[in-house]
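Below: one structure, written as structure tokens.
The values are calculated or read from the model by the stated rules, or taken from the named source; none is laboratory data. Everything numeric in this text was worked out from a predicted model, so none of it was measured. Glycine gets a Cβ as well: all are built from the backbone with ideal geometry, and neighbour counts include every protein chain shown.
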Amino acid sequence: MVTSKSGRPERAAEVLRILAAEYPDARPHLDYRNAFELLVATILAAQCTDEMVNKVTPELFRRYPDPRSLAAADQPELEGLIKSTGFYRNKTRSLLAMAKALVEGFGGRMPRSVEALTELPGVGRKTANVVAGNCFGVPAIIVDTHFKRLSGRLGLSAESNPDRIERDLWDVVPEGDRTRFSAVLNEHGRRVCTARKPRCPECRIARLCPFPEKTAG
């Protein structure tokens, strides 16, 4: 059962206050130097660990440092470079199509809005929010697997669809706090409020959690 809507903004504000102090350096775990690299890395991170992606991207970015070089990449060569990230054929097609769309539709420049980013092939709202929020200062609710899990456990959204969770949190988290809130909730989900065995006794926000029974049994 999700708690009533009336107290959600206050609970979210307290969660942010505590977790921002707990994780002052929370940021994406993917290595990148610019928005294009973060976009590529986020596409590769689907169904793959960030650690594995970070092993692949240094050579990938050395060979294809920008949209134009990636758009002209040899498909078998690109497949070989990213094979260890899994689903590499689909990811190769997505990367090539995305790079070509950047070149043909945006002159090789990265669009800055979530809406424009989602026009690119293979780029959904989560990926667009990751890039826009972390590279362009756009207020962004980033619904990754950790955020989805914690927003439910904390009673901030009763939805299971990521787009609906995002919309719910727009009404809960002030615009200027959204990207930071996403970052610290993601970090807390990685370190403490894990999927299978949350470490509730160590949780700094346990008193704000309306679901203490979630670990019963």
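Of all residues assigned to the range 51-58, none qualifies as being part of a loop (DSSP other than H, G, I, E, B), among the charged types (D, E, K, R) and more than 22 Å from HIS188 (Cβ to Cβ).
Of all residues in the range 110-130, exactly one satisfies the criterion of being surrounded by fewer than 13 Cβ atoms within 10 Å (Cβ to Cβ) and either touching a residue at least 24 places away in the same chain (Cβ under 8 Å) or not charged (D, E, K, R) (or both), namely SER113.
Residues checked against (1) more than 14 Å from HIS146 (Cβ to Cβ); (2) in contact with a Cys (Cβ under 7 Å, 6 or more places away or on another chain):
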| position | (1), (2) |
| --- | --- |
| ASP168 | yes, no |
| THR179 | yes, no |
| ASN186 | no, no |
| GLY189 | no, no |
| ALA206 | yes, yes |
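Would you mind stating whether ALA101 is modelled with pLDDT of 95 or more, assigned by TED's automatic domain parsing to the domain that holds ASP66 and surrounded by fewer than 23 Cβ atoms within 10 Å (Cβ to Cβ)? Considered against the rule, which asks whether it is modelled with pLDDT of 95 or more, assigned by TED's automatic domain parsing to the domain that holds ASP66 and surrounded by fewer than 23 Cβ atoms within 10 Å (Cβ to Cβ), ALA101 comes out as yes.
Go through LEU70, LEU39, LEU78 for me and flag whichever is over 30 Å from PRO210 (Cβ atoms), modelled with pLDDT of 95 or more and under 21 Å from the mean Cα position of the chain (by Cα).
Details: LEU70 fails: under 21 Å from the mean Cα position of the chain (by Cα); LEU78 fails: under 21 Å from the mean Cα position of the chain (by Cα).
Of LEU70, LEU39, LEU78, the one residue that is over 30 Å from PRO210 (Cβ atoms), modelled with pLDDT of 95 or more and under 21 Å from the mean Cα position of the chain (by Cα) is LEU39.
Listed by position, the helices (runs of 4 or more DSSP H) inside the range 104-217 whose residues that are of a type in the set (Phe, Trp, Tyr), at pLDDT 95 or above and in the same structural domain as ALA20 (by TED's automatic domain parsing) number at least 2 form an empty set.
Which of the residues belonging to the range 19-54 are surrounded by 15 or more Cβ atoms within 10 Å (Cβ to Cβ) and hydroxyl-bearing (Ser, Thr, Tyr)? Within the range 19-54, TYR23, TYR32, THR42 meet the criteria. Checking the stated criteria, ALA72 turns out to be surrounded by fewer than 18 Cβ atoms within 10 Å (Cβ to Cβ) and either of a type in the set (D, E, K, R) or more than 27 Å from ILE141 (Cα to Cα) (or both).
Looking at the range 19-51, which of the residues that are in contact (Cβ under 8 Å) with a residue 40 or more places away in the chain and of a type in the set (S, T, N, Q) is farthest from ARG125 (Cα to Cα)? Top of the filtered list is ASN34. Just to verify a result, which residue in the range 156-203, among those that are free of Cβ contacts under 8 Å to residues at least 40 places away in the same chain and touching a His at 6+ places or on another chain (Cβ under 9 Å), is surrounded by the most Cβ atoms within 10 Å (Cβ to Cβ)? Only one residue fits best here, namely CYS203.
Can we say PHE61 is more than 20 Å from ILE142 (Cβ to Cβ), of a type in the set (Phe, Trp, Tyr), out of contact with any Cys (no Cβ under 7 Å at 6 or more places or on another chain) and outside any loop (DSSP other than H, G, I, E, B)? Please lay out each step first, then the result.
Working: more than 20 Å from ILE142 (Cβ to Cβ): yes; of a type in the set (Phe, Trp, Tyr): yes; out of contact with any Cys (no Cβ under 7 Å at 6 or more places or on another chain): yes; outside any loop (DSSP other than H, G, I, E, B): yes.
Yes.
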